[in-house]
1. Looking at A:M27 and the list (1) modelled with pLDDT under 95; (2) within 9 Å of the chain's Cα centre (by Cα), which single condition is not satisfied?
2. Only one of these is closer than 20 Å to B:S95 by Cα and of a type in the set (G, A, S): B:A59, B:A16. Name it.
3. For segment B:46-62, does any single residue satisfy the condition of being surrounded by fewer than 16 Cβ atoms within 10 Å (Cβ to Cβ), assigned to a loop (DSSP other than H, G, I, E, B), touching a residue at least 40 places away in the same chain (Cβ under 8 Å) and out of contact with any helix residue (DSSP H, G or I) (no Cβ under 6 Å at 6 or more places or on another chain)?
4. Can you find, within segment B:6-33, the residue that is farthest from B:A71 (Cα to Cα) among those that are touching a Phe, Trp or Tyr at 6+ places or on another chain (Cβ under 8 Å) and at the interface with chain A (Cβ under 10 Å from one of its Cβ atoms)?
5. Considering only segment B:63-96, how many residues are aliphatic (A, V, I, L, M), more than 20 Å from A:M41 (Cα to Cα) and surrounded by 15 or more Cβ atoms within 10 Å (Cβ to Cβ)?
Amino acid sequence: NAGVTQTPKFQVLKTGQSMTLQCAQDMNHEYMSWYRQDPGMGLRLIHYSVGAGITDQGEVPNGYNVSRSTTEDFPLRLLSAAPSQTSVYFCASRDRRLNEKLFFGSGTQLSVL
Amino acid sequence: AQTVTQSQPEMSVQEAETVTLSCTYDTSESDYYLFWYKQPPSRQMILVIRQEAYKQQNATENRFSVNFQKAAKSFSLKISDSQLGDAAMYFCAYSRTYKYIFGTGTRLKVLA
């Protein structure tokens, strides 16, 4: 069981460039989400999805787009990268039960110069 | 809006001793879930323990236990018989439906 797979693990972008962070899970989880982790700020929710075709905003959605065309995949798009988006990004999934734990990917270290 | 506060940015504990990490939260809801996650230097997020708010009994997982005080909105984590492998960032998290609110984390150092 691969769990939650995130790619790439590291990425350096120039201001204004676009890119997509990939996230895939093989556990048939309905719920998927993206977080960013910044020093001293914990993890903050960017976007989440409760099923294919359904997405919603989290705490810090500006500058990010998501889509959910399949149960397995939940990519995060940066349309025009800014230095403020330098962070570690985590994808996480969970089944429908609210008390279940989040399964996290290994994270993507993104630097925007 | 819900908030989660971890007031201890860093804690230290001697190996084999006990340490308690604090977490308080603010919510007007009566039904919710609380979690403690561990993040070692590998960056992997690992669930340590979880608590359903409707359960009065405090959750326990081996050396890890919580002190859940619903009225005080407090959810502290106690680590007994601390081991070197317990050194990590610890995050407290609140969830009610699909939005998770994480605290800013406490870095735990374990001294040999």
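The values are calculated or read from the model by the stated rules, or taken from the named source; none is laboratory data. Worth saying up front: this structure is predicted, and the values here are computed from it rather than measured. No Cβ is skipped: glycine too gets one built from the backbone with ideal geometry, and neighbour counts run over all protein chains shown.
1. (2)
2. Working: B:A16 fails: closer than 20 Å to B:S95 by Cα.
Exactly one of B:A59, B:A16 is closer than 20 Å to B:S95 by Cα and of a type in the set (G, A, S), namely B:A59.
3. In the first step, residues of segment B:46-62 are kept if they are surrounded by fewer than 16 Cβ atoms within 10 Å (Cβ to Cβ); the result is B:46, B:52, B:54-58, B:60-62.
Applying the additional criterion that residues be assigned to a loop (DSSP other than H, G, I, E, B) yields B:54-58, B:62.
Right, trim to touching a residue at least 40 places away in the same chain (Cβ under 8 Å) and you get none.
No - not one qualifying residue is present in segment B:46-62.
4. B:Q6
5. At the first step, the residues of segment B:63-96 found to be aliphatic (A, V, I, L, M) are B:66, B:71-72, B:77, B:79, B:84, B:87-89, B:93.
Retained after the next criterion (residues that are more than 20 Å from A:M41 (Cα to Cα)): B:66, B:71-72, B:79, B:84.
Keeping just the survivors that are surrounded by 15 or more Cβ atoms within 10 Å (Cβ to Cβ) gives B:66, B:79.
Selection size over segment B:63-96: 2.
Table: residues versus (1) in contact with a strand residue (DSSP E or B) (Cβ under 6 Å, 6 or more places away or on another chain); (2) within 26 Å of B:I49 (Cβ to Cβ); (3) hydroxyl-bearing (S, T, Y).
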| site | (1), (2), (3) |
| --- | --- |
| A:H29 | yes, yes, no |
| A:S33 | yes, yes, yes |
| A:Q37 | yes, yes, no |
| A:G42 | yes, yes, no |
| A:V50 | yes, yes, no |
| A:T71 | no, no, yes |
| A:A92 | yes, yes, no |
| A:G107 | yes, yes, no |
